[in-house]
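K.L.:
One structure, pasted below without further comment.
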Amino acid sequence: MTLALLNGRIVTPGGVIEGGVLIRDGRIAAVGPFEVPTGAQTIDVRGKLIAPGIVDVGVFAIDMPAFVAGGITRALLMPDQSPPLDTVALIQRAAAAGKPHVWIHPLAAATKGLKGGDLAEIGLMARGGATGVATGREWIADSAVMLRLLSYAGALGLVTISHPEDGGLVRGAVATESEAATRMGLPAAPAEAEALAVQRDLLLAEITGAPIHFRQVTTARAIDLIRAAKAKGLPVTCGITPAHFLLSDVAMGDFRTFSRLSPPLRDEADRLACVAALADGTIDLICSGHDPRGPEAKRLPFSDAEPGMAGAETLLALSLALVRDSHVPIERLFQLLSTTPAHRFGLPAGAIEQGAEADLLIVDEHAPWRINSEQLVASAGNTPFDGLPVEGRVVTTVKGGTILG
Amino acid sequence: MSSAPPRSRDERLGVHPFPHRHLLGIAGLAPHEILYLLDEAEQWIALNRSTAKRDDRLHGLTQINAFFENSTRTLLSFEIAGKRLGMDVVNMAVATSSVKKGETLIDTAITLNAMRPDVIVIRHDASGAVRLIADKVDCPVLNAGDGRHEHPTQALLDALTIRRRKGRIAGLTVAICGDVLHSRVARSNILALGTLGADVRVVGPPTLLPPQIERMGVTRFTDFDAGLEGADVVMMLRLQSERMDGAFVPSPREYHALYGLTAERLARAAPDALVMHPGPMNRGVEIASDVADDLNRSAIPEQVEMGVALRMACLDVLTRGQRGVEGWA
């Protein structure tokens, strides 16, 4: 099977180049100018972007229609499933769930049942296909357990994904301490709960020399700590979702439960710090945090609603705002969405180059549309961006040379 | 049946002075709208003090009091208010309701709505819950307290009490003291009294004052004595130990020593300072009994009395549209 994408603008790490991509037997055979082989299927992409498929770090649900619509070709699945991914069998089953289309890369639960106590069988799960280790939706309160986790996982060559929020400070809180939370009478925790957890985990990572990734950082203080740790050469990376670089806690107005997130939305100063950190490279990757929640979890009073948003389909369109606002160039955006996530977790993806697996997207970066929670193909439409007009849409998602949609 | 009140200029012109479908909070109300409700309440005080105590202008209407959180005083106040206006008042028993069995609040709202009430009064322990219900029903909704968010009728009855005792609200210094963090009464009072021109202070231990409360236009004091200095009104709040899942204060004994209102402490306030409390009181904790029971200083029983009149006013005003009162349809 040979597929030739012609007349595109190809996103490469060095910038955007004009040309096409030739795909043969699921792999990229040529990039740029090439002679179209006889019998090849051809698609004239008419000047649209050809970009590497998105590698989404830390989704909470396997949601194929949303992944395909959003251009996600590989998704790292959080262990917060029912039951938690803390055994080899569960890891193997999750790893097989998406093939041959969107590949699911499960993350092993760091502790049994994600309870923060005993270490789970991380080594066996790694052999069974776990791509990394994660603490789940919460941090590990016991510093000794976290120290042993980093040490053990690091020795196995696994990156530990931490949820950085001090559990004591955020217990019962549903918002960040702020004027908005005070006016709304919502239980809130100081934004510094994040920096406290980041600081502790960075110290433990320094002791062990183990790689650590903070799935989401959302505050200026935590970003400063990570910036300093990187300057010291620590193997630390961090991610963010569009909600945290585009929205502030004002979005909780009228008790809109679609804006109930974990970590919660922060104030405007923190949001601007996140944008600056994306521009200067302190934040390494953008993820969707895809966590579809039905009405049973969201049509409740704000503090009773479950945190989380459906993010897969809107990830690219929202992230393109960074390019339009000149915070990052387009090639850097795809490093944030594809290249860095793939490299960080050792996945053979993230670049359009000869010999690589053909995971790529055709993107109309100027296509206008309006996010409508009722029209999303995700299993639930809980997006705080409901009604927002955006630009940029995935036209075609190709995984391993197969057109998915 | 008493005669209809004289119509205001706005009513005669067809622009009614309270253009809100529900009463969910003080936020969003203009000063003249707050004052209109207070003025309307005045007429009911006289009725309530008479032997007749009955005005059937809401005869035939159904009021549902859906209280998802325990309450005796507020529930009784709304029940009496509704009955004195001639309504059929139904109290929803939460302990036996299906909400306890996992029915969502929205299902409950839809169910209540299907029974075609004319007004629903709601109390809930979650901030924003009343708004959630209000969006799903066809009749006016009155917030009788939602979580830590708002308790608008309490703030209005407090304002009415202050205005009657002091003759004004603008320019007064009001100290709201105690557990402000967990208090919906405090939030609504900050908004109402601030909107009406009072100089509002919040006073309490730092663990019980919400962050950035100054952004609501108040001055923050953690020294009780300093906060009381020269205050015209001292509004005490109940220490809500049932809402605390951590150690906010070391003990009731220490709390009383540092933040309990005693006669000696009260001497720091203005000589004729009014003492208020939304009740129920923790006597010997946030307030000493001799202060609470001093009728020269304490307006606590009067607050309860004003509560019925104020709630009658709210029920009357909010149902005028559906009753086809001229100028309100």
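K.L.:
Could you please rank B:D118, A:D359, placing first whichever residue has the fewest other Cβ atoms within 10 Å of its Cβ?
P.N.:
So the residues, fewest neighbours to most, are B:D118, A:D359.
K.L.:
Place a +1 charge on the Cβ of each Lys and Arg in segment A:282-389 and a -1 charge on the Cβ of each Asp and Glu, then give the dipole magnitude about the Cα centre in debye, rounded to the nearest 20.
P.N.:
200
K.L.:
How large is the charge dipole for segment A:222-351, taken about the Cα centre, if only the Cβ atoms of Lys, Arg (+1) and Asp, Glu (-1) carry charge, to the nearest 20 debye? All intermediate terms of the calculation are to be shown ahead of the outcome.
P.N.:
On the way: 13 positive and 15 negative charges, 54 e Å.
The calculated dipole for segment A:222-351 is roughly 260 debye.
K.L.:
Given H placed on each backbone N at 1.01 Å, which residues far from A:I161 in sequence or on other chains put an amide H within less than 5 Å of it?
P.N.:
Under 5 Å from the amide H of A:I161 lie the amide H atoms of A:V133, A:A134, A:T135, A:H213, each far enough along the sequence or on another chain.
K.L.:
So, with +1 on the Cβ of K and R and -1 on the Cβ of D and E, and no other charges, what is the size of the charge dipole of the protein assembly as shown about its Cα centre, to the nearest 20 debye? Write down the numbers at each step before the final one.
P.N.:
Working: 72 positive and 83 negative charges, 147 e Å.
Magnitude of the dipole: close to 700 debye.
K.L.:
A follow-up question, please. Any chance you could list the semi-axes, whole Å, largest first, of the equivalent ellipsoid that the Cα gyration tensor gives for the protein assembly as shown, using √(5λ)?
P.N.:
57, 30, 22
K.L.:
Run the helix sum for chain A: -39,500 (n - 2.57) per DSSP H stretch of 4+ residues, divided by residue count, reported at 222 nm to the nearest 500 deg cm²/dmol. Kindly include the intermediate steps, with their values, before the conclusion.
P.N.:
Numbers: 14 runs with 116 residues, N = 405.
Estimated from H runs of four or more residues: -8000 deg cm²/dmol.
K.L.:
Return A:V395, B:V130, B:V275 ranked ascending by Cβ neighbour count within 10 Å, so the fewest neighbours appear first.
P.N.:
Taking fewest neighbouring Cβ atoms as first place, the list is A:V395, B:V275, B:V130.
K.L.:
Same structure, new question: For chain B, what number of Lys pairs, 8 or more residues apart or on separate chains, have alpha-carbon atoms under 29 Å from each other? The partial results should precede the final answer.
P.N.:
Values: B:K53/B:K83; B:K53/B:K166; B:K83/B:K100; B:K83/B:K136; B:K100/B:K136; B:K101/B:K136.
Counting lysine pairs in chain B gives 6.
K.L.:
Would you mind checking the pairs A:K112/A:K298; A:K48/A:K230; A:K230/A:K298; A:K48/A:K99 and listing those with alpha carbons more than 31 angstrom apart?
P.N.:
Correct reply: A:K48/A:K230; A:K230/A:K298.
K.L.:
Among A:S338, A:S143, which comes first, second and so on when ranked by fewest other beta-carbon atoms within 10 Å?
P.N.:
Starting with the residue having the fewest Cβ neighbours, the order is A:S143, A:S338.
K.L.:
Compute the angle between helix B:184-195 and the longest alpha-carbon principal axis of chain B, please, reported from 0 to 90 degrees and rounded to the nearest 10.
P.N.:
90
K.L.:
How shielded is B:206-215 by partner chains, expressed as the average number of their Cβ atoms within 10 Å of its Cβ atoms?
P.N.:
Average neighbour count from other chains, rounded to a whole number: 4.
K.L.:
Quickly estimate the mean residue ellipticity at 222 nm for chain B, helices only: each DSSP H run with n ≥ 4 gives -39500 (n - 2.57), and the total goes over all residues, rounded to 500.
P.N.:
Rounded to the nearest 500, the figure is -10500 deg cm²/dmol.
K.L.:
Test of the criteria: in segment A:186-264, which trypsin sites (Lys or Arg not before Pro) are in a DSSP loop and have at most 10 other Cβ atoms within 10 angstrom of their Cβ?
P.N.:
On the way: sites: A:R200, A:R215, A:R221, A:R227, A:K230, A:K232, A:R256, A:R260; in loops: A:R215, A:K232, A:R256, A:R260.
Those satisfying the criteria are A:K232.
K.L.:
Mind pulling the angle between the C-alpha long axis of helix A:315-324 and the longest principal axis of chain A? Nearest 10 degrees, somewhere in 0 to 90.
P.N.:
It works out to around 80 degrees.
Any read-out appearing in this document is the output of simple, stated calculations on the displayed coordinates, not a laboratory observation. Since we're looking at a predicted model, the values are computed, not measured. All Cβ positions, even for glycine, are placed from backbone atoms using ideal geometry, and neighbour counts span all protein chains on display.
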